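Okay, so here's the structure we're looking at.
The values are calculated or read from the model by the stated rules, or taken from the named source; none is laboratory data. Because the structure is a prediction, the values reported are computed rather than measured. Don't worry about glycine lacking a Cβ; one is built from the backbone with ideal geometry, like all the others, and counts go over all protein chains shown.
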Amino acid sequence: MKAYGRQHLIIGNCIAAVSAAEVLRRQNQDDRITIMGDEEVPSYSRCLITYYLGDMVTRTHLLSHDEKWYRDRSIELHLSTKALSVDPKNHTVIAEQNGKKKKFSYDKLLVATGSSPIFLKSFPYDPDGVIGMRNYRDAATLKRWAQKGKKAIIIGAGFVGLKTAYGLAKQGVKAKVVELLPTVLGRMTDIEASRRIIERLTSHELIEIELNNSVVATRKQRQKYVVTYQDGREEDADFVVASVGVKPCTDFLDGTGAEIKWTIKVNERQETTVPDIYAAGDVCVSPHILSKEWIYNAIWPVAAAQGRVAAYNMSGDSSITYAGNLPMNSVDFFELWITAIGNVQADQAENGGIETIKFQSPRIYQKVLLKQGVPIAFMAVGNVDGAGLVRGAIVAGMPWKDFIKKPQAKVLPIVKEVI
Amino acid sequence: MKAFIFKPENCDLCRKCEEACVAVCGPANKQSAEYVPHIRVFQSPEGPYIRLCRHCEEPPCVDACIGESLQVGPNGLVIQDEERCIGCFMCNMVCPHGAMKTVMSQEKAFKCTLMCGTKTTPTCVLACDRGALFFEEVSQHNKKIRRAKLKEIPRK
């Protein structure tokens with residue numbers, strides 16, 4: 001009799017990893033599960049770090065998975081352990097742990113390393129003053145800097161950029177956000193939604209947002225960081241946060257033969273192109289639930305679901321596949337909620353064929369995009385109640401005229417008020 | 001497995017279910033004057049309808065919860081640690097039933113966690129004397145129909 005089942009090794013320790021580990025344990029009590037994470041703390045929700053920065057959640061609240069969580073599920077946990085290389089032939093991973101190299105072997109390997117912030121030549125990483133906002137350490141660093149610093153420049157008004165500005169403002173730091181695009185929150189908004197969000201955010205005296213501008217250079221001057229904008233103006237700050245985007249963490253897979261085009265290629269069973277290596281979460285692609293195109297949809301719900309699907313397949317149940325999701329997100333700034341589902345900017349495309357229905361009032365802005373009468377995207381600002389009902393219609397391909405006849409649909413202002 | 005069954009043809013919007021729900025589950029978060037029951041009955045030209053958590057088998061809200069506030073409990077019910085809710089309303093974005101209560105003044109979303117009558121019958125069902133609301137064991141046959149219906153609402 002075999003003493004153990006399979007050896008599962010998971011690289012990464014965020015939601016894709018822990019949701020996978022949970023399923024692996026449920027599927028098989030005898031399998032050995034090992035998780036290695038490069039951070040010094042056990043798993044937590046990375047989406048909450050900006051809330052932690054703004055003191056909206058406590059440290060105990062943030063660090064949701066204590067060591068007991070791993071013990072209860074008999075998961076071997078290795079913290080501060082960074083994978084360096086993978087040898088698919090011998091089924092081993094070399095990792096660095098406390099400055100020493102350590103070898104791990106696996107029968108099935110799950111890559112759930114997520115992504116890291118992008119830095120450019122115009123704003124290179126500097127541990128003393130130019131960092132990204134991606135993990136607990138970043139949040140703790142910014143929190144420390146916020147104690148003495150009075151001003152921050154945030155490059156990029158995406159999701160993370162704005163939430164970081166929000167968090168810093170709550171710490172009493174003046175936050176200046178610079179964005180290249182004419183709108184904030186990237187693909188989540190249009191001009192009108194963006195205007196409302198900016199209005200709400202800048203109603204706080206410490207937040208300033210400048211659109212259509214970018215940073216071309218950053219230099220350190222005495223204790224300050226001076227950025228130069230594309231129009232030649234200069235501005236200084238105590239520190240700079242880069243939030244122009246993220247890059248999947250795949251370096252350690254070099255030489256394995258896994259197909260990586262910026263993101264790791266996977267199939268609907270989360271298998272990479274290398275046998276016994278799976279990937280899930282922000283590190284890989286996922287299918288768009290409608291078009292079935294493989295897109296980079298780095299959101300929490302996708303990571304959670306992909307981790308689970310990978311785990312079923314790693315334990316031998318190949319009947320479970322991932323159907324995909326839509327790009328979507330939901331957030332609030334000073335009690336102004338924004339929910340966006342699908343490509344809400346599709347109506348700005350030249351080729352047209354998109355019908356737009358809008359509802360606008362001083363407090364509420366809602367918009368639904370229809371293609372041949374079927375909703376493909378929905379955005380709500382101010383009142384987001386019942387957004388999931390529209391998502392259901394989008395995913396089911398239900399014509400809008402049928403959807404609005406459903407009694408439940410009446411909770412949406414865009415259905416109730418627009419005739 | 002038990003499930004809520006709503007028969008709109010018998011509902012006359014007496015709102016006894018809502019009152020009963022507030023009476024039992026209310027106090028925990030009643031600080032707000034805006035407190036709303038977990039079960040909400042609405043009137044529409046197409047007849048009455050309810051907004052209430054169905055405790056789905058594969059709940060999309062649990063996957064979407066970035067605060068790890070929503071969880072699947074040991075008995076399969078979708079439970080919530082209200083303290084952990086950070087009010088992003090991701091759950092509301094994915095719930096195909098529109099069941100999440102988004103309470104803006106508290107910056108939190110709430111839902112039915114079946115804390116009231118788990119042993120026998122939920123309090124809202126007990127309160128309904130019109131024969132409009134039931135909480136019944138779903139027979140295998142019904143379960144098939146329910147599964148098929150649920151498949152019409154793709155999730156995740």
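Numbers at a glance
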item	result
Number of the exception - B:Leu13 against (1) in a loop (DSSP other than H, G, I, E, B); (2) at the interface with another protein chain (Cβ under 8 Å from one of its Cβ atoms)	(2)
Test result for A:Asn329, closer than 18 Å to B:Met90 by Cβ and either free of Cβ contacts under 8 Å to residues at least 40 places away in the same chain or among the aromatic types (Phe, Trp, Tyr) (or both)	no
Top-ranked residue of the range B:67-108 - restricted to ones that are assigned to a helix (DSSP H, G or I) and of a type outside the set (A, V, I, L, M), ranked as farthest from the other protein chains (Cβ to nearest Cβ)	B:Glu82
Within the range A:305-419, helices (runs of 4 or more DSSP H) holding 1 or more residues that are out of contact with any Cys (no Cβ under 9 Å at 6 or more places or on another chain) and of a type in the set (Phe, Trp, Tyr)	A:400-403
Filtered residue count, the range A:312-330, keeping only those that are within 14 Å of chain B (Cβ to nearest Cβ) and over 15 Å from A:Val395 (Cβ atoms)	5
Residue among A:Asp87, A:Asp66 that is at negative phi, modelled with pLDDT under 95 and not hydroxyl-bearing (Ser, Thr, Tyr)	A:Asp66
Scope the range A:50-100; condition touching a His at 6+ places or on another chain (Cβ under 9 Å) and not in a helix (DSSP H, G or I); matching residues	A:Ala95, A:Gln97
Number of the condition not met by A:Pro248 [criteria: (1) surrounded by fewer than 22 Cβ atoms within 10 Å (Cβ to Cβ); (2) closer than 30 Å to A:Asn297 by Cβ]	(1)
Failed condition for A:Arg391, given (1) farther than 21 Å from B:Pro96 by Cα; (2) within 13 Å of another protein chain (Cβ to nearest Cβ); (3) under 25 Å from the mean Cα position of the chain (by Cα)	(1)
Residue check for A:Gly382: within 9 Å of another protein chain (Cβ to nearest Cβ) and buried (at least 16 other Cβ atoms within 10 Å of the Cβ)	no
Residue among A:Lys358, A:Lys401, A:Lys367 that alone is surrounded by fewer than 14 Cβ atoms within 10 Å (Cβ to Cβ) and more than 9 Å from chain B (Cβ to nearest Cβ)	A:Lys401
Those residues of the range A:37-61 which are without any contact (Cβ under 8 Å) to a residue 24 or more places away in the chain and either facing another protein chain (nearest Cβ under 9 Å) or among the small types (Gly, Ala, Ser) (or both), in sequence order	A:Leu48, A:Val57, A:His61
Positions within the range B:109-136 being in a strand (DSSP E or B), within 14 Å of chain A (Cβ to nearest Cβ) and in contact (Cβ under 8 Å) with a residue 60 or more places away in the chain, in sequence order	B:Phe110
